[in-house]
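Shown next, in structure tokens, is the structure this report addresses.
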Amino acid sequence: MTRALFIIDVQNDFTEGGALGVEGGAAVAAGVTDYLGAHRDDYAVVVASRDWHDADNDNGGHFATDADPDFVDTWPSHCIAGTPGAEYHPALDVSGVDVHIRKGQGIPAYSIFEGTDDAGATITEVLTSHGITDVDIVGLATDYCVRASALDALEHGQHVRVLTDLVAGVAAQTSADALAELGHAGAVIAESGADTGAAGETGADAGADREADAGTAGDDEGAR
Ligand SMILES: [Zn+2]
């Protein structure tokens, strides 16, 4: 297995005091820093994303302009490119980050797969170039950008783990729903303290079992 870590949107506007502050966001920033200090060598590549919106437009309807934000599809203005709100939270040590992704320039972009690095490379290109088979995901917010990034990573064929003590969400119910949905979709939902190797193997085995089951079911269909 070759593993990548995605650190999703640990930015000032998504942490306490920010335009769209998530309760527990600052603790996630500090927790990810501690985790990276102990586990940087577990990862072939560490990727961090930032929501990075235009200042002079509503970013494809992402910012509420004529009505109050619904906090589902429309949001208060946040993470304007180049402003303090768009910067990484100061408690997040990015010295161990290899690739910085920006997303959301002029459009709503919840998934890290919708962004590019400074050279224009996509996440798919980064994963392929490093031969990545497994992705761990941490960051903000559980119910939006973490969810969307994890679903896209699964779609990409990765074995995905969401580290539950290193994420925080906009609301408790939608966050619980998102983790349940991701678990159902094939992600391993685990705390960062869980044995990474064993958890990874479990995820891989579970995937293989599902494929084997699917194959068996197909054979049964053919035999009938
Ligand atoms: Zn946004």
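The values are calculated or read from the model by the stated rules, or taken from the named source; none is laboratory data. These numbers come from a predicted model, not from an experiment. Methodologically, a virtual Cβ is constructed for each residue, glycine included, from the backbone with ideal geometry; neighbour enumeration extends over all protein chains shown.
General remarks:
- Among the conditions (1) outside any loop (DSSP other than H, G, I, E, B); (2) away from the ligand (no atom under 15 Å from the Cβ); (3) under 16 Å from G21 (Cα atoms); (4) not hydroxyl-bearing (S, T, Y), A91 misses just one, which is (1).
- Condition met for I80 (among the β-branched types (V, I, T), under 20 Å from V162 (Cβ atoms) and modelled with pLDDT of 95 or more): no
- Test: residue in the range 1-8 that is within 27 Å of T124 (Cα to Cα), within 16 Å of the ligand (Cβ to nearest atom) and at pLDDT 95 or above: yes
- Residue in the range 35-56 that is aromatic (F, W, Y), part of a loop (DSSP other than H, G, I, E, B), within 16 Å of the ligand (Cβ to nearest atom) and buried (at least 18 other Cβ atoms within 10 Å of the Cβ) present: yes
- P76 meets all of the listed conditions (1) closer than 21 Å to V170 by Cα; (2) away from the ligand (no atom under 12 Å from the Cβ); (3) out of contact with any helix residue (DSSP H, G or I) (no Cβ under 6 Å at 6 or more places or on another chain) but one, namely (2).
- In this structure, G120 does not qualify as within 11 Å of the ligand (Cβ to nearest atom) and at positive phi.
- Cβ-Cβ under 7 Å pairs, at least 6 apart or on other chains, the range 40-59 side in contact (Cβ under 8 Å) with a residue 12 or more places away in the chain, far side away from the ligand (no atom under 16 Å from the Cβ) and of a type in the set (G, A, S): R40/G96; Y43/A4; A44/A4; V45/A4; V46/G96; V47/A4
- Selection from the range 131-169 of residues that are buried (at least 20 other Cβ atoms within 10 Å of the Cβ) and assigned to a loop (DSSP other than H, G, I, E, B): I132, A141, Q158, G169
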